[in-house]
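What follows is a short report on a single structure.
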Amino acid sequence: MDENNIIRTIETMTGAFAKGDIDAVMSTYEKGAVVVGAPGMNVTGDLALRRMFSDFVAAGATFAYGRHEVVVSDDVGLHLMKWTAPGPEGPQSALSVAVLRRQPDGSWKMVIDHPFGDGVMSGSQ
């Protein structure tokens, strides 16, 4: 059950991003969440995150997503998923790593979102 709810949070975020719905994107993150906007660039704070997501949407960023893997321990969840996107030098892909926390209402929100989670293995970080 928790795994499905975590996947639902991720799918809400990715679906909202694809539609350019920044309010819905932001609803999937806790206040104070950190998102790695590019390798080595941590972004936090409502205004900064909104600006980053809006810039990605305005640039026409599109992504395809792979299978979900979820690990849960009490009120903390780890979500792993591969993504791919077209890039100026050919397709890009990476491992998205997200840490989520169960909210008082039972929903799950992202606390840390690192879309370049495998960068340390490839030497890109």
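Each value in this text was obtained by applying a stated rule to the coordinates, not by laboratory testing. All values derive from a computational prediction rather than experimental measurement. Cβ atoms come from the backbone with ideal geometry, glycine included; neighbour counts cover every protein chain shown.
Annotation: extensible slack from ASN5 through ASP55 equals 15.2 nm (criterion: 0.36 nm per residue apart, minus Cα-Cα distance).
Computed about its Cα centre, the charge dipole of region 2-122 is approximately 160 debye, with only Lys, Arg, Asp and Glu carrying charge at their Cβ. Computed from phi, the 3J(HN,Hα) profile of region 32-49 under the Karplus parametrisation 6.51, -1.76, 1.60 (θ = phi - 60°) reads x, 4, 10, 10, 7, x, 7, x, x, 10, 7, 10, 9, x, 4, 4, 5, 5 Hz, with x in place of Gly and Pro. Phi angles across region 89-97 convert, under the Karplus curve 6.51 cos²θ - 1.76 cosθ + 1.60 with θ = phi - 60°, into 3J(HN,Hα) values of 10, x, x, 10, 8, 7, 9, 7, 10 Hz, Gly and Pro given as x. Segment ASP21..VAL120, full-extension length gain: 32.6 nm, with 0.36 nm per residue of separation and the alpha-carbon distance subtracted.
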